[in-house]
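Participant: Okay, handing you the structure first.
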Amino acid sequence: MKVEIYNQMLKAGKISRRNVMKGMASVGALSAMGGLPAPVRAASHGGNVRAEILKIPGVGMGSPTDADWQKVGEMCLGPTMANVAEGEFAGVELTFMGLNNQNLHNFLFRGFLKPWEAYTGAKINWIDLAQADYNPRLQQSIATGTVDFDIIEMGAPFEGDTAGRGLLDEMPDWVKDQIEADDIVGYLQPPVGTWDGKTYRITIDGDCHTFAYRKDYFTDPAITAATGMTEPPTTWQQVQAFTKAVKGQKDPLTGLDAYGFLDPLKGWGGFGFYFLEDRASAYVKHPDSPAWLFDPETMKPMVNNPGWVQAIQDVMDTMPDLPPDQINADPGTTAFQQFLAGTGSGICWWGDVGSSARTSDGSVVGDVVGFSINPGSDRVYNAKTSEWETPAEPNFAPNMAYLGWGVYVTSRVSGDEKKRKAAWSAAAHLGGKDISLWMSAYPSGFQPYRNSHFQYDEWEEAGYDRAYIEDYLGSNADSYNHPNAAIEPRIPGIFQYYSIAEDELAKGFAGQYGSAQETADAIAAAWEKITDQIGRDSQIALYKASLGM
Amino acid sequence: MSNAGDLLHVVTADDISDRRRFFGRALIWGSFAALVLVALLQAGDKLGWAEVGFSTWRPTLYAYIVWAVCLCWAQVIIRGEQGKRVLFVLPAALFVISLVVIPLVFGLGIAFSDWNLSSPDGRKFNGLNNVRQMWADPFYWNALGNMVWYTAAILVEYTIAFGLALLLNAEIKARKFFRVAFLLPLMLSPVAVSWMIGKSMLEVRFGPLARLARWLGWDNPSFFGSPEMAKFMIMVMDAWTFIPFMMIMILAGLQAIPKELHEASRVDGASGWRSFWEVTFPLMLPASITAILIRIIFKLKLADIIINVTSGGPGGATDSVTSFIFREYRDRSNVGYGTLLAMVYLVLIVIAITIFMKLADRWMNPRY
């Protein structure tokens with residue numbers, strides 16, 4: 001769970017203290033016994049380990065510390081013991097590169113892996129990086145051929161840069177069994193994590209956009225009279241109509257001007273493009289094809305096809321109906337300074353906006369916020385036939401914006417079987433089914449990503465408010481497992497494409513291009529340049545591989 | 001020890017034999033040959049002509065260090081006492097060369113290559129393609145155009161700074177307090193300025209300045225909505241940070257003007273304005289030129305406020321060359337092209353500053 005969510009839940013009392021005493025009692029009893037030898041302790045938890053680890057340190061007992069991470073790591077050693085003998089990796093040294101955001105990520109991994117080191121005899125050296133340093137460091141390592149780490153925490157968009165160049169080690173089958181890979185949610189299943197049919201990734205995180213809306217806009221008499229809508233919109237066509245109709249009304253909460261759906265119009269280092277994708281995916285992600293950004297045969301951008309142009313046109317059409325200065329609002333502004341503060345009635349964002357809406361001090365939308373998967377579209381553009389189609393049901397294509405973090409093993413260890421097994425064993429320990437439950441329940445920097453994370457009974461048992469947790473996680477689960485999810489292509493330089501698209505969109509939104517089509521053509525031209533620069537043939541091959549074609 | 005010749009400046013009169021001179025020269029040229037050989041081998045290894053097994057550029061670096069040491073040593077061997085004097089400067093000069101010239105040469109190499117960090121092919125020399133791309137790149141020219149506006153704003157900043165400096169130089173109450181208070185913005189990081197002012201105080205809904213604007217009758221205040229307004233606000237924030245810098249330099253200059261000059265002008269019957277225009281301003285020209293020059297250099301680096309507040313928007317209206325290169329280089333990993341843009345910018349800056357200094361020289365000299 002992201003730290004801010006955890007803290008806000010604590011503050012807002014969304015975590016009950018019902019089970020705290022119970023948790024304290026069992027931990028106390030354990031420590032009173034003076035501790036058992038590690039193997040015994042880990043093994044003795046058996047099927048109960050999930051409930052037991054959720055008591056460390058106890059929901060509502062403050063932020064976990066290194067001692068807690070070590071304890072959890074030790075209790076989750078069971079699967080490792082099944083595959084590795086004690087002391088089997090004595091003398092092996094591994095280097096692990098990861099992030100140090102908010103003192104999480106690598107900090108947790110250190111704690112989790114300490115008992116693993118003690119049991120296996122291996123030693124891990126750490127490279128901690130700040131988020132801002134991460135991409136340059138990784139890309140420079142790749143570009144200059146100086147990969148100096150054996151295990152790496154990495155986002156799926158970089159799989160093209162690494163796996164595509166043979167820098168990663170293929171996952172052995174025993175790891176798949178140990179981490180129970182089948183439990184991972186639909187959209188993170190292969191082809192994500194694979195290249196050319198080989199699996200490389202141990203998923204430890206998930207991400208997607210969901211639609212958050214203001215429920216009171218559909219009950220307020222004045223607004224419903226003006227818009228004629230008493231149910232939240234489910235398609236972009238409805239969103240457009242609603243956004244236009246609501247103009248001139250007053251917000252039921254703040255009494256200020258009411259606004260409809262908020263588009264961020266300013267770039268955000270490439271991440272802003274995800275928000276155009278939210279609209280476009282419904283128009284262009286046809287259920288018959290996994291491709292929606294590029295033609296997989298030629299790498300020709302689809303971004304200037306009629307579906308994408310419609311999405312850009314939609315944004316341009318509602319620009320006059322957005323708050324003043326929206327041209328200078330990036331996604332962070334739309335979410336945290338506008339939507340949560342009571343400006344606007346709809347937004348697409350990652351999971352944390354939904355939870356912050358209910359728990360953040362800065363949020364006034366409190367209990368009037370509802371969630372669903374991203375809106376769909378009444379018609380969908382089929383790039384293969386170059387025709388618009390009108391399906392019986394609207395076309396939904398939730399945007400799996402950023403594929404979350406994973407743990408990968410580099411090909412540095414491929415030649416040394418002992419080292420290779422050690423690296424995979426360490427990675428598998430971090431991606432284990434039980435330890436992941438703990439990571440999604442406590443501050444870790446990671447979101448839920450397994451079907452087993454959506455067993456709400458476990459959360460309730462641990463002390464969470466059930467209604468809250470169901471609401472918070474439900475729309476995520478629906479998006480994750482959607483059959484027509486729009487999945488990010490894992491090709492080298494994907495953020496370069498997003499970044500230049502943001503620049504061109506900014507010009508389009510500022511009226512420097514004649515139309516949405518011209519804006520889209522400018523993006524397409526810029527994308528063609530990037531493709532040519534990176535290498536068209538290799539991009540085609542990698543794009544196909546990433547789509548599992 | 002000789003007792004003839006320049007006894008005042010020469011500590012020891014060296015009697016250097018031809019053999020010693022030959023050894024010195026051999027040392028220099030021998031180590032230089034070794035350096036060239038290692039560099040060639042290294043280049044050959046890199047370009048795939050010969051398999052030497054150098055995995056990094058360190059061998060060349062070590063050869064350079066050996067050559068540098070030999071060069072310094074040989075100065076003493078060949079020129080004796082005179083050579084020792086050279087040693088006071090030569091190592092520093094070699095150090096500067098190794099830290100400035102060599103990276104510059106490598107930088108030029110990168111600037112003329114097609115190098116996208118995501119490309120599996122790595123760096124490829126592409127001649128003048130980057131220059132051609134730059135020539136046709138509307139984003140770069142737009143950013144350069146914006147820089148002209150940003151730089152022109154320095155004249156206004158200078159006027160304000162001069163006024164403030166005159167005020168602070170006058171006999172006003174709490175002068176010391178104001179001097180410190182006016183300096184405060186300079187102590188803030190531009191990143192802090194962009195967040196505190198650009199993103200908080202100027203926030204259109206809750207920001208105090210937006211509230212004030214609304215109270216003053218501006219219904220829907222938008223500080224970064226239109227291109228002109230956004231550019232103006234960036235200029236204002238940057239000016240607010242750096243006017244104190246110009247002010248303090250001008251103030252120092254004002255305080256250095258002897259009081260007698262003003263007294264003399266007063267005795268001669270000059271009015272306040274004439275005294276300023278005929279005495280203070282001309283005397284302040286050298287300090288002013290320095291302040292403006294340094295300010296131009298600061299201004300040409302303008303990026304942090306733009307990156308944080310507008311990301312160059314709306315539609316590139318506030319983009320500076322540096323913020324554009326930042327996006328090209330960091331967000332798009334386009335190392336070759338980004339380097340070329342920076343190199344061209346460097347050349348433009350050198351030309352512009354040289355012209356400015358020549359002109360300043362011409363303006364200032366006829367006055368005396």
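Participant: Under unit Cβ charges (Lys, Arg +1; Asp, Glu -1), what dipole magnitude, rounded to 20 debye, does the protein assembly as shown have relative to its Cα centre?
Facilitator: Computed charge dipole of the protein assembly as shown: roughly 3160 debye.
Participant: Still on this model: Order these peptides, A:73-81, B:222-230, A:88-96, by their mean beta-carbon neighbour count within 10 angstrom, highest first.
Facilitator: A:73-81, B:222-230, A:88-96
Participant: Under the rule a/c < 1.5 gives rounded, and otherwise a/b versus b/c splits prolate from oblate, where does the protein assembly as shown land using the Cα gyration tensor?
Facilitator: Note, shape of the protein assembly as shown comes out oblate.
Participant: In degrees between 0 and 90, to the nearest 10, how far off the longest principal axis of chain A does helix A:466-480 point, with axes built from Cα atoms?
Facilitator: 70
Participant: Okay, next question. ³J(HN,Hα) across segment B:259-264 via Karplus (A = 6.51, B = -1.76, C = 1.60, θ = phi - 60°), whole Hz, x for Gly/Pro?
Facilitator: Computed from phi, the couplings for segment B:259-264 are 4, 4, 4, 5, 4, 4 Hz.
Participant: Return the long-range amide H neighbours of A:Lys123 (sequence gap of 5 or more, or a different chain), with a cut-off of under 5 Å between placed amide H atoms.
Facilitator: Under 5 Å from the amide H of A:Lys123: A:Val92, A:Glu93, A:Leu94.
Participant: Share of antiparallel DSSP beta bridges in the protein assembly as shown, in percent to the nearest 5?
Facilitator: 70
Participant: Using θ = phi - 60° and the Karplus form 6.51 cos²θ - 1.76 cosθ + 1.60, what ³J(HN,Hα) does each residue of segment B:323-336 get, whole Hz, x for Gly and Pro?
Facilitator: With the stated coefficients, segment B:323-336 comes to 5, 5, 4, 4, 5, 5, 7, 8, 6, 10, 6, 8, 5, x Hz.
Participant: May I pose another question? Against the longest alpha carbon principal axis of chain B, how many degrees, from 0 to 90 and to the nearest 10, is the axis of helix B:281-300 turned?
Facilitator: So the helix axis and the longest Cα principal axis differ by about 70 degrees.
Participant: Lys/Arg Cβ at +1, Asp/Glu Cβ at -1, dipole of segment A:266-334 taken about the Cα centre: which of A:Thr298, A:Gly267, A:Pro324 is farthest positive-ward?
Facilitator: A:Thr298
Participant: Mind pulling the per residue volume of the convex hull built on the Cα atoms of chain B? Å³ is fine.
Facilitator: 245
Participant: Does segment A:235-315 come out rounded, prolate or oblate, given a ≥ b ≥ c as the square roots of the eigenvalues of its C-alpha gyration tensor, rounded meaning a/c under 1.5 and, failing that, prolate meaning a/b above b/c?
Facilitator: Prolate shape, in that a/c is at least 1.5 and a/b is the bigger ratio.
Participant: Dipole size in debye (nearest 20) for segment B:134-367 around its Cα centre, Lys and Arg Cβ +1, Asp and Glu Cβ -1?
Facilitator: Dipole of segment B:134-367, to the nearest 20 debye: 380 debye.
Participant: Using a 10 Å cut-off on Cβ to Cβ distances, tally the other chain neighbours for every residue of A:533-539 and report the average as a whole number.
Facilitator: Partner Cβ neighbours, averaged per residue: 5.
Participant: What's the angle, to the nearest 10 degrees (0 to 90), between helix A:494-509's Cα axis and the longest principal axis of chain A?
Facilitator: It works out to around 20 degrees.
Participant: Also, I was wondering about something else. For B:Asp114, enumerate residues with amide H under 5 Å from its amide H, sequence gap 5+ or separate chain, H modeled in the peptide plane.
Facilitator: HN-HN under 5 Å from B:Asp114: B:Lys124, B:Phe125, B:Asn126.
Participant: Compare the peptides A:292-300, B:115-123, A:371-379 by average per-residue count of other Cβ atoms within 10 angstrom and give them in order, highest first.
Facilitator: In descending order of packing, they fall as A:371-379, B:115-123, A:292-300.
Participant: Take peptide B:303-314, look around each residue's Cβ out to 10 angstrom, count Cβ atoms belonging to other protein chains, and average those counts.
Facilitator: Neighbouring Cβ atoms belonging to other protein chains average 4 per residue here.
Participant: Right, here's the next one. Which three numbers, in whole Å and largest first, are the semi-axes of the equivalent ellipsoid of chain A derived from its Cα gyration tensor as √(5λ)?
Facilitator: Ellipsoid half-lengths, sorted descending, are 41, 30, 18 Å.
Participant: So, one more: Given H placed on each backbone N at 1.01 Å, which residues far from A:Thr410 in sequence or on other chains put an amide H within less than 5 Å of it?
Facilitator: HN-HN under 5 Å from A:Thr410: A:Ile151, A:Ile152, A:Asp169.
Participant: Using the number of other C-beta atoms within 10 angstrom as an exposure proxy, rank B:Thr56, B:Thr318 with the fewest first.
Facilitator: B:Thr56, B:Thr318
Participant: Taking neighbour counts of Cβ atoms within 10 Å as a proxy for exposure, in what order, fewest first, do A:His429, A:His286, A:His482 appear?
Facilitator: Going from least to most buried by this count: A:His482, A:His286, A:His429.
Participant: So for the protein assembly as shown, taking the charge dipole from beta-carbon charges (+1 Lys/Arg, -1 Asp/Glu), which of A:Ala280, A:Ser546, B:Leu47 sits furthest toward the positive end?
Facilitator: B:Leu47
Participant: Here is a further query. Got a sec? How would B:Met187, B:Met343 order by Cβ neighbour count within 10 Å, fewest to most?
Facilitator: B:Met187, B:Met343
Participant: What is the mean number of Cβ atoms from other protein chains located within 10 Å of the Cβ atom of each residue in peptide B:330-338, rounded to a whole number?
Facilitator: If you average over the peptide's residues, the count of other-chain Cβ atoms is 6.
Participant: How would you rank A:382-389, A:48-55, A:538-545, highest first, on the average number of other Cβ atoms within 10 Å across their residues?
Facilitator: Descending mean neighbour count gives A:538-545, A:48-55, A:382-389.
Participant: Any idea what the dipole of segment B:18-132 comes to, in debye rounded to 20, about its Cα centre with Lys/Arg Cβ at +1 and Asp/Glu Cβ at -1?
Facilitator: 500
Participant: Direction-averaged shadow area of the convex hull around the Cα atoms of segment A:286-414, nm²?
Facilitator: Computed as one quarter of the Cα hull surface, the answer is 12.6 nm².
Every number here is computed from the coordinates shown, using simple stated rules; none is lab data. Please read these numbers as outputs of a predicted model, since none were measured by experiment. Here the Cβ is made from the backbone with ideal geometry for all residues, glycine too, and neighbour counts use every protein chain on show.
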